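Each remark here refers to the structure printed beneath this line.
The values are calculated or read from the model by the stated rules, or taken from the named source; none is laboratory data. None of these values were measured; they are calculated from a predicted model. As a convention, Cβ positions derive from the backbone with ideal geometry for all residues, glycine included, and neighbour counts pool all protein chains shown.
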Amino acid sequence: MYDKYKKILQSRLDEKRYNHSLCVADEAVRLAQKIGVDTEKAYLAGLLHDITKNAPREEHLQIFSQFGIILNDIEKNAHKLWHAMSGAAYIEHILGLSDPEILDAVRFHTTAKTNMSPLCLVLYLADFTSSDRDYPDVDVMRRLVDKSFSEALIYALQYTIKDLADQKKAIHFDTLSAFNEAVSMEEK
Ligand code: DGI
Ligand code: FE
Ligand code: FE
């Protein structure tokens, strides 16, 4: 399935990143089934989410300028955030995919945000728990995601925020807002 997209991904990504994309697609389907999200959309979002991850700086900048994407100061300095923005634009304007839910899920797969759609949440979590992932705490994340998406979301955001703070890296407003929303829901 999706051979056309897989060929494009293979030409754009290194082997490890291509394999990661396949693993996230599978994990996104597994998570989608748990909460009744469209599994086709979940697979496609997972498959394509890192499509510009290996793009050179010039290509990201070219995409931003061509499609009118303006970066704020945090985004300008955090190159790791670029592929979520350029990826969503690439999928929309170059691949011609118009599904707003898929575009939105890819756009926010790195930072998360408030009011995430179920598909957006599925992709965000699948990126943490896919079978290729190997980071300290991946076992905790995998256990949590099978227990409760809201607990897994809090844990993932906690992990990311702590990690960024330890490295003295700026934390994006979307990441912070997602965390604040997630913990305030838990208080209720
Ligand atoms: O593309 P992946 O490696 O599969 O995963 P990803 O898209 O979640 O990217 C993870 C990277 O993004 C990781 O190095 C941390 C960085 N990141 C995530 N949220 C923020 C961030 N970097 C900054 N500066 N600020 C954030 O809020
Ligand atoms: Fe990514
Ligand atoms: Fe990823």
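Within region 103-157, the set of residues being part of a helix (DSSP H, G or I), within 14 Å of ligand 2 (Cβ to nearest atom) and basic (Lys, Arg) comprises 107 only.
Among all positions in region 142-165, there is at least one residue which is in contact with an Asp or Glu (Cβ under 8 Å, 6 or more places away or on another chain), under 25 Å from residue 82 (Cβ atoms) and either of a type in the set (Val, Ile, Thr) or within 16 Å of ligand 3 (Cβ to nearest atom) (or both).
Could we say that residue 101 is in contact (Cβ under 8 Å) with a residue 12 or more places away in the chain, acidic (Asp, Glu), under 23 Å from residue 159 (Cα atoms) and touching a Leu at 6+ places or on another chain (Cβ under 7 Å) here? Show your work before the answer.
Working: in contact (Cβ under 8 Å) with a residue 12 or more places away in the chain: yes; acidic (Asp, Glu): yes; under 23 Å from residue 159 (Cα atoms): no; touching a Leu at 6+ places or on another chain (Cβ under 7 Å): yes.
It is false that residue 101 is in contact (Cβ under 8 Å) with a residue 12 or more places away in the chain, acidic (Asp, Glu), under 23 Å from residue 159 (Cα atoms) and touching a Leu at 6+ places or on another chain (Cβ under 7 Å).
Filter region 46-56 for residues that are in contact (Cβ under 8 Å) with a residue 24 or more places away in the chain and either more than 16 Å from ligand 2 (Cβ to nearest atom) or part of a loop (DSSP other than H, G, I, E, B) (or both) and give the result. It would help to see each step written out before you state the result.
Of all residues in region 46-56, those in contact (Cβ under 8 Å) with a residue 24 or more places away in the chain come to 46-55.
Correct list: 49, 50, 51, 52, 53, 54, 55.
The single condition from (1) within 17 Å of the chain's Cα centre (by Cα); (2) exposed (fewer than 15 other Cβ atoms within 10 Å of the Cβ); (3) in contact (Cβ under 8 Å) with a residue 24 or more places away in the chain that residue 40 fails is (3).
For first residues located in region 1-13 and aliphatic (A, V, I, L, M), partners that are at pLDDT 95 or above and not in a loop (DSSP other than H, G, I, E, B) and lie 6+ apart or on another chain with Cβ distances below 6 Å form the pairs 9/18; 9/21.
Pick from region 6-32 the residues that are exposed (fewer than 15 other Cβ atoms within 10 Å of the Cβ) and not hydroxyl-bearing (Ser, Thr, Tyr): which of them is farthest from the chain's Cα centre (by Cα)? First the steps, then the outcome.
Here is the first cut: in region 6-32, the residues exposed (fewer than 15 other Cβ atoms within 10 Å of the Cβ) are 7, 10-11, 14-16, 19.
Filter once more, so that each one left must be not hydroxyl-bearing (Ser, Thr, Tyr): 7, 10, 14-16, 19.
Numbers: 7: 21, 10: 19, 14: 18, 15: 19, 16: 17, 19: 15 Å.
Looking at the filtered set, the residue picked out is 7.
What is the residue count in region 77-102 for residues that are in a loop (DSSP other than H, G, I, E, B) and touching a helix residue (DSSP H, G or I) at 6+ places or on another chain (Cβ under 6 Å)? I'd like the intermediate steps shown before the answer.
Within region 77-102, the subset in a loop (DSSP other than H, G, I, E, B) is 78, 95-99.
Still in the running and touching a helix residue (DSSP H, G or I) at 6+ places or on another chain (Cβ under 6 Å): 97.
Looking only at that region, the number is 1.
Can you name the residue in region 48-62 that is under 10 Å from residue 86 (Cα atoms) and of a type outside the set (Ser, Thr, Tyr) and is also nearest to the chain's Cα centre (by Cα) among such residues?
Looking only at region 48-62, we keep the residues that are under 10 Å from residue 86 (Cα atoms), and these are 50-53, 55, 59-62.
Right, trim to of a type outside the set (Ser, Thr, Tyr) and you get 50-51, 53, 55, 59-62.
Working: 50: 8, 51: 11, 53: 11, 55: 16, 59: 19, 60: 17, 61: 20, 62: 21 Å.
Residue satisfying both the conditions and the ranking: 50.
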